[in-house]
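Written out below as structure tokens is the structure these notes cover.
The values are calculated or read from the model by the stated rules, or taken from the named source; none is laboratory data. In this text the structure is predicted, and so the values were computed from the model without any measurement. Please note: Cβ atoms are built from the backbone with ideal geometry, for glycine as well, and neighbour counts cover all protein chains shown.
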């Protein structure tokens, strides 16, 4: 008979890509995970993974079986959640992925507050500006900026009216001057963000005629958006950031808004779930908690 624990470890191993990573997530030894996969393979009489000393990948049979394994686990979790619907004490482990700047400086203290309100709940936070694959990566929910065009998952709004904004430190403006138009951005040191080898040096702004794209340049670039914000505070140049990320710096006077009459590109913040069957009580309560706090921050610029 197939064990639920073996099935769950198969799904997590497929997401992590190795026995050792899956073992760390589950607080087990790699040998225990390997043994669970071997049991499941014997029960199914198929080979789920192709193993070598340097790699671990799903076989064709494993690829075909994976979505069914996920569905079984989701259904079991849904049944458990239904039985606990009237129990306000949240339990289990909630895996959350968030962008670096938002996660470190805004969400991190919020999650501490949320966890103190639900002491039986464990939280695992993954910070990265890489786009999390909520179907393959070991996360329950992911926080993302931008409009969601993929209909294969569910997007729950947190800050739908959030926008990007041009910011620089008072010291930079005093030394280099305040740009008077989007065209003048080309003459300034702009702080650039990159992801997966791509440099985002074309900044987009809504206009009365549609949109304007400005090719900018700068000597500093990083794949961590928190570093870009810190560079801006340090006076290294102009950044184009989410208002949520820089609001506290602007209110404290560490940053000033550049071209305040120029609207920035929309950057709505969403909570992403693979599908509605993963709306556990913890996910539902976390969404309401984060939405309430984001709404308090996303006021007028």
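Numerical summary
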| quantity | calculated |
| --- | --- |
| Scan of the stretch 44-56 for residues that are exposed (fewer than 12 other Cβ atoms within 10 Å of the Cβ) and within 22 Å of residue 3 (Cα to Cα), ordered by number | 45 |
| Any chance residue 97 is at pLDDT 85 or above and crowded, with 19+ Cβ neighbours inside 10 Å | yes |
| Criterion violated by residue 253 - all others in (1) in contact with a helix residue (DSSP H, G or I) (Cβ under 9 Å, 6 or more places away or on another chain); (2) surrounded by fewer than 18 Cβ atoms within 10 Å (Cβ to Cβ); (3) not in a loop (DSSP other than H, G, I, E, B) satisfied | (3) |
| Evaluation of residue 119 against (1) at pLDDT 90 or above; (2) touching a helix residue (DSSP H, G or I) at 6+ places or on another chain (Cβ under 9 Å); (3) not in a helix (DSSP H, G or I) (one fails), failing number | (2) |
| Test: residue 59 is surrounded by fewer than 13 Cβ atoms within 10 Å (Cβ to Cβ) and over 22 Å from residue 96 (Cα atoms) | no |
| Failed item in (1) closer than 26 Å to residue 112 by Cβ; (2) outside any loop (DSSP other than H, G, I, E, B); (3) in contact with a helix residue (DSSP H, G or I) (Cβ under 8 Å, 6 or more places away or on another chain), with residue 270 passing the rest | (3) |
| Criterion violated by residue 1 - all others in (1) outside any helix (DSSP H, G or I); (2) closer than 15 Å to residue 68 by Cβ satisfied | (2) |
| Residue satisfying condition, being modelled with pLDDT of 90 or more, in a helix (DSSP H, G or I) and surrounded by 13 or more Cβ atoms within 10 Å (Cβ to Cβ), within set 108, 66 | 108 |
| Only one of 186, 217 that is without any contact (Cβ under 8 Å) to a residue 40 or more places away in the chain and assigned to a loop (DSSP other than H, G, I, E, B) | 217 |
| Residue satisfying condition, being assigned to a helix (DSSP H, G or I), touching a strand residue (DSSP E or B) at 6+ places or on another chain (Cβ under 9 Å) and touching a residue at least 40 places away in the same chain (Cβ under 8 Å), within set 239, 282, 248 | 282 |
| Selection count where residues are surrounded by fewer than 16 Cβ atoms within 10 Å (Cβ to Cβ) and either part of a helix (DSSP H, G or I) or assigned by TED's automatic domain parsing to the domain that holds residue 124 (or both), scope the stretch 4-19 | 2 |
| Of all residues making up the stretch 229-249, the number that are over 21 Å from residue 158 (Cα atoms) and under 17 Å from the mean Cα position of the chain (by Cα) | 0 |
| Filtered residue count, the stretch 91-105, keeping only those that are part of a strand (DSSP E or B), touching a residue at least 40 places away in the same chain (Cβ under 8 Å) and at negative phi | 5 |
| Out of 258, 228, 204, 216, sole residue that is closer than 21 Å to residue 147 by Cα and either touching a strand residue (DSSP E or B) at 6+ places or on another chain (Cβ under 6 Å) or assigned by TED's automatic domain parsing to the domain that holds residue 71 (or both) | 204 |
| Conditions (1) modelled with pLDDT under 95; (2) surrounded by 17 or more Cβ atoms within 10 Å (Cβ to Cβ); number of the one not met by residue 261 | (2) |
